[in-house]
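Structure first, then comments.
Nothing in this text is a laboratory measurement; each read-out follows from the coordinates by a stated rule. The model shown is predicted, which means the values in this text are computed figures rather than measured ones. Because the Cβ atoms are built from the backbone with ideal geometry, glycine has one as well, and the counts that use them run over all protein chains shown.
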Amino acid sequence: MHNHTNISRLLYAAVSLILVMIIGVVGFMYIEGDTFVNSAFMTVITFSTVGYSLLHELSDSGKIFTIFLIVLSLGVYAYSISIITTYFVEGNVAKIIRGRTFKRNKKMKDHTIVCGYGRIGKQVTEELLAYNRPFLVIDQRAEVIDSCTNNKVVFLEGDATNDDVLKKAGIENASALISALPLDADNLYVSLSAKALNTKITVISRGTDESAEKKLHMAGVNHVILPEKVGGARMAKLVTSKNLVEFLDHLTYSGESLTNLEEIDYMELPDEYHNKTILEIGIRKKSGANIVGFKTSNGEFIINPTPDVKIEIGSKLFVLGTPEQLKSLRK
């Protein structure tokens, strides 16, 4: 809406300039009997106030008309300059200064595309920033983009349901897309487009109910989150299992909490640890951290795996420890 208003003002300023030119040309042709070229010349030098000498001596009527044209042109000129300056300086240039304008020539790879910067989209970006994950946000509301005070959030202004916008966001090289738009239909359309443009991308979408969840899964969405369902379940758990919820809240994925969880992919391990058992790797002995979960190459989850479980390609380890233990583990 804000962008449409600015464009309307630009058009109004342009039309005003053209009208002044027409009034000037017609006036000099009618009052002074000048040719079109001479009248246009007189109008331009009057409008611009550059101070060229007159082509001929003006009549009294011509002088009065010239005074009127000068006053009119000064007002229109001042208005037009202010509108143009406001649009380019306070709009586009200000975004560049704040570092939040997406640069098309900047090659992004393995990044996350967040569609929609509402309450959920904003929370998503805060989590991604905490993990130092590369991402950009697509939103078509200029006022929402301008209201963001975090210079680390990179925006691409546009409609996420438009394939050209997704391509500009580097959908072909993105590793994940999070669709947090308010309407299920838009999330469904974005998900279909994302999968069509990049078959390997992981798509996570917001949904409003179970019916939408089924349709989104049918569209190829990898994960569907129902905010109301998740929020309701959490509130109920705080009544039925308060201590358990508080304990799980104590286990964070990052930060300065006393206990953190971390995911380790097979490819992140040194070559000498590939195809070894958990016992042979000796994570607990070397760092003090504990392996609390394991994901096999077939996608099966094992809670509290035994020491004889072998780490194979495609598998993942889930490690629990203090920040110091996890830092030692990464080393």
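The stretch between residue 239 and residue 313 holds 22.5 nm of extra length on full extension. This uses 0.36 nm per residue minus the Cα-Cα distance.
For the chain, the 222 nm mean residue ellipticity estimated from helices alone, with every DSSP H stretch of n ≥ 4 adding -39500 (n - 2.57) and the total spread over all residues, rounds to -15000 deg cm²/dmol.
A Förster distance of 56 Å, applied to the separation of the beta-carbon atoms of residue 119 and residue 44, puts the FRET efficiency at 0.55. Note that segment 252-330 carries a Kirkwood radius of 12.6 Å, evaluated over its alpha carbons pair by pair.
In terms of distances greater than 27 angstrom between alpha carbons, the cross-link table entries 214/242; 214/295; 122/286; 168/331; 152/316 yield 214/242; 122/286; 168/331; 152/316.
Applying 1/(1 + (r/R0)^6) with R0 = 41 Å to the Cβ-Cβ distance of residue 306 and residue 143 gives a FRET efficiency near 0.15.
Under the membrane-span-like helix rule (DSSP H runs whose alpha carbons stretch at least 30 Å along the helix axis, mean Kyte-Doolittle hydropathy -1.0 or higher), the chain yields 2-31, 60-85. Cα centroid distance between segment 5-78 and segment 277-314, in Å? After rounding, the separation between the Cα centres reads 82 Å. Backbone geometry of segment 157-169 corresponds, through the Karplus equation with coefficients 6.51, -1.76 and 1.60 at θ = phi - 60°, to 3J(HN,Hα) couplings of 6, x, 8, 5, 7, 8, 4, 5, 5, 5, 5, 5, 7 Hz, x marking Gly and Pro.
Using +1 on the beta carbon of Lys and Arg, -1 on that of Asp and Glu, and nothing else charged, what's the dipole of the chain about the Cα centre, debye to 20? Dipole size: approximately 880 debye.
With Rg/Rh (Cα atoms, Kirkwood Rh) defined as stated, name the option among (i) 0.95; (ii) 1.24; (iii) 1.13 computed from the structure displayed. Working out Rg/Rh (Cα atoms, Kirkwood Rh) from the coordinates points to (ii).
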